[in-house]
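Inspection log for the structure reproduced underneath, given as structure tokens.
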Amino acid sequence: MSSASASSLPTSAGAGENLVLILDFGSQYTHLITRRVRQLGVLSLCVSGTAPLSSLTGLRPRAVILSGGPHSVHAPGAPSFPEGFLDFTAGAGAHVLGVCYGMQLLVQSLGGAVEAGERQEYGDMEVEVTTPSSALYGEGEAGKRQTVWMSHGDEVVRLPEGFEVVSRSVQGAIAAIEHQEKRYYGLQYHPEVTHSPQGMETLRRFLFDVCGIKADWKMQDVLDEEIKTIQSMVGPDEHVICALSGGVDSTVAATLVHNAIGDRLHCVFVDNGLLRYKEKERVMSTFDSDLHLPVTCVDASEQFLSNLKGVKDPEKKRKIIGREFIAVFDEFAQMLEKKIGKRPEYLVQGTLYPDVIESCPPPGSGRTHSHTIKSHHNVGGLPEGMRLKLIEPLKLLFKDEVRKLGSILNVPESFLKRHPFPGPGLAVRVLGDVTEGNALEVLRQVDEIFVQAIKDAGLYDTIWQAFAVFLPVQTVGVQGDQRTHSNAVALRAITSEDGMTADWYYFERQFLVDVVKKICNNVRGVNRVCQDITSKPPATVEWE
């Protein structure tokens, strides 16, 4: 999980009366806490748990949530909030809620004791409320039980002075603590996950009843703030380039920036040779007829594919694609300079929060560079010497929030519902060398059949993302009474809220039978079709 730096936070974030800061200590669920708080209508921002206190200058949060993490508080180099942090929260009048590792860190920092548990608690667990009057659970809840999601090896064995145990697990471990006078609270379990059915109610009670926060954060506020930010960043005579991919993110980003600076925005759609079936024609038509955005189409397919020839490593492919995109944008900027007499200084990209998360090192890892899941082309694939300065108006938002923003901006609903498409395009869906044989053409045809079948079955809006993958293997088959030695492909369809976690979609048997038959009968060179039934985690959405 990455976190936003103070400089990337909205300028008005600290001025609002209802800000919630989430300090990230490396939990895979930290992004969910951020989302859950936003779903309750409260502005939440995730920052590094180990960021210097100076990075929080100017922020006055009403609540701070300390996330979980994979570490032990006793491990050498275990992440901790900066010195003076608790004085900062006290000065701001903020309530502090520690979750899992965050609770243990809070307890240890205040003089309590945390030790390795005799019995580690992972998965579903029952907890019982132990006090009749609890801020986190309410009045009259003593003796009542609820199922929660535990994930911890250490446990709190001695509380700091003034704290009270308000719930325990059925195994006797401390599950929730409070110090209402000091505004400190802790949960040993994860209320943000769906495996804790009453967890959202606990978060709601903490935010609204305990902290007194109002649910006053809306997407319209985000739009207004971003327009102000862009207008203050881009001078009145400066011009901006926007990289349009045809996806939801870049389209919403372009529309937003167009609202902010008008015709000083110049959009460019790059045909990199890695697009889906008839993607260029379809997307350019939509830009013109529905969105009315001024877009120049640049055919750079030969440039991209020649540089990718022979490259098999996924990270190298992403880096090459990022580099070539920037080369195209620089060339486009030079062309614009000749045309309008002024060189554009900025490049707009539709980077989302999950893009940033997956391209940064985990907190507490001790690494300053990525041990990444993958480098996104619009985050980790950009060259250091890039001449254009980035504008990323969506980088603190999740996909569903971007769609809400797009709706406010009157982007057509049919466009907002499009499945995500990776920046590197089919390069990460052709495993290995994308230029080898006719892999790209085969994949385009298979993907078109699969996605069209999903649309015909009325399943497109139910599925988060669906696509085909070209496998670098050939298998034996029988087609037309003849032995064949042809390509294998895989089909992947997932459901998700934000792309950070995902489950594979369960198709009816007949649907798969029909799709496989259509692919093998219509796509020359394919004799085997597999279905990817792996969730995320352990897999990622894309294969590369």
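The values are calculated or read from the model by the stated rules, or taken from the named source; none is laboratory data. As the structure is a prediction and not an experimental result, all values here were calculated from the model. Cβ sites come from the backbone with ideal geometry, for glycine too, and all protein chains shown count toward neighbours. Protein only, heavy atoms only, side chains kept; ligands, DNA and RNA dropped before computing areas. Shrake-Rupley method; radii C 1.70, N 1.55, O 1.52, S 1.80 Å.
Details
- Taken about its Cα centre, the stretch 43-159 carries a charge dipole of about 380 debye when Lys and Arg each add +1 at the Cβ and Asp and Glu each add -1 at the Cβ.
- Candidate lysines for bridging to Lys309, where Cα separation is under 19 Å - those fewer than 8 sequence places away on the same chain excluded: Lys317, Lys319
- Sparse packing (at most 11 other Cβ atoms within 10 Å of the Cβ) combined with a DSSP loop state is found for the following GluC sites (Glu not before Pro) in the stretch 421-518: Glu508.
- Percentage, to the nearest whole number, of Cα pairs in the stretch 194-341 over 25 Å apart: 48
- Dipole magnitude for the chain: computed about the Cα centre from +1 point charges on Lys and Arg Cβ and -1 point charges on Asp and Glu Cβ, it is near 980 debye.
- Pairwise label distance in nanometres, Arg418 with Ile340, each label 7 Å out on the Cα-Cβ vector: 2.3
- Whole-number percent relative contact order across the chain, with pairs defined as alpha carbons under 8 Å at least 6 apart: 11
- Here, P(r) means the percent of Cα pairs in each 10 Å bin from 0 to the largest distance; for the stretch 440-544 it is 15, 46, 31, 7, 1.
- Prolate/oblate/rounded call for the stretch 18-103, Cα gyration tensor, a/c under 1.5 rounded: oblate
- Taking 14 Å as the straight-line reach from the Cα of Lys518, the aspartates and glutamates in range (excluding those fewer than 8 positions away in the same chain) are Asp447, Glu448, Asp456.
- Trypsin sites (Lys or Arg not before Pro) lying in DSSP loop within the stretch 225-317, provided at most 16 other Cβ fall within 10 Å: Lys278, Lys309, Lys312
- With all protein chains in place and ligands, DNA and RNA left out, the 1.4 Å accessible area ranks Glu324, Glu181 as Glu181, Glu324, largest first.
- Neighbour cut-off at most 13 other Cβ (10 Å), DSSP loop, GluC sites (Glu not before Pro), the stretch 50-156: Glu83
- Gap separating the Cα centres of the stretch 401-439 and the stretch 519-544, nearest whole Å: 17
- Fraction of accessible area attributable to carbon and sulfur, the stretch 390-518 (%, probe 1.4 Å): 48
- Think of a 1.4 Å ball rolled over the protein heavy atoms: the stretch 163-306 then has 41 Å² of accessible area per residue.
- Spatially proximal lysines relative to Lys395 (Cα-Cα < 19 Å; intrachain offsets below 8 disregarded): Lys218, Lys228, Lys374, Lys404
- Computed over the alpha-carbon pairs of the chain, the distance histogram in 20 Å steps reads 20, 48, 28, 4, 0 percent, short to long.
- Calculated FRET value between Arg158 and Gln220, using beta carbons and R₀ = 45 Å, to 0.05: 0.40
- Filter on Lys278/Lys399; Lys278/Lys316; Lys316/Lys339 - keep pairs with C-alpha separation over 31 Å: Lys316/Lys339
- Here is how the number arises for the chain: DSSP H runs of 4 or more residues each give -39500 (n - 2.57), the sum is divided by the residue count, and the result at 222 nm is -9000 deg cm²/dmol.
- Calculated FRET efficiency for the pair Thr475/Lys144, C-beta based, R₀ 51 Å, to 0.05: 0.35
- Solvent-accessible surface (1.4 angstrom probe) belonging to Val170, in square angstrom, nearest 10: 80
- Met233-Tyr277 pseudo-label distance in nm [points 7 Å out on the Cα-to-Cβ vector]: 3.8
- Compared with the dominant principal axis of the Cα atoms in the chain, helix 439-456 is inclined by about 60°.
- Considering only Ser27, Gly246, Ile177, and ranking their Cα positions along the charge dipole of the chain that arises from unit charges at the beta-carbon of Lys, Arg, Asp and Glu, the one farthest toward the positive end is Gly246.
- Rounded tilt (10° steps) of 30-39 against the dominant C-alpha axis of the chain: 90
- Relative frequency of Cα-Cα separations exceeding 19 Å in the stretch 211-261, percent: 39
- Bridge type composition, the chain - antiparallel percent by DSSP, nearest 5: 50
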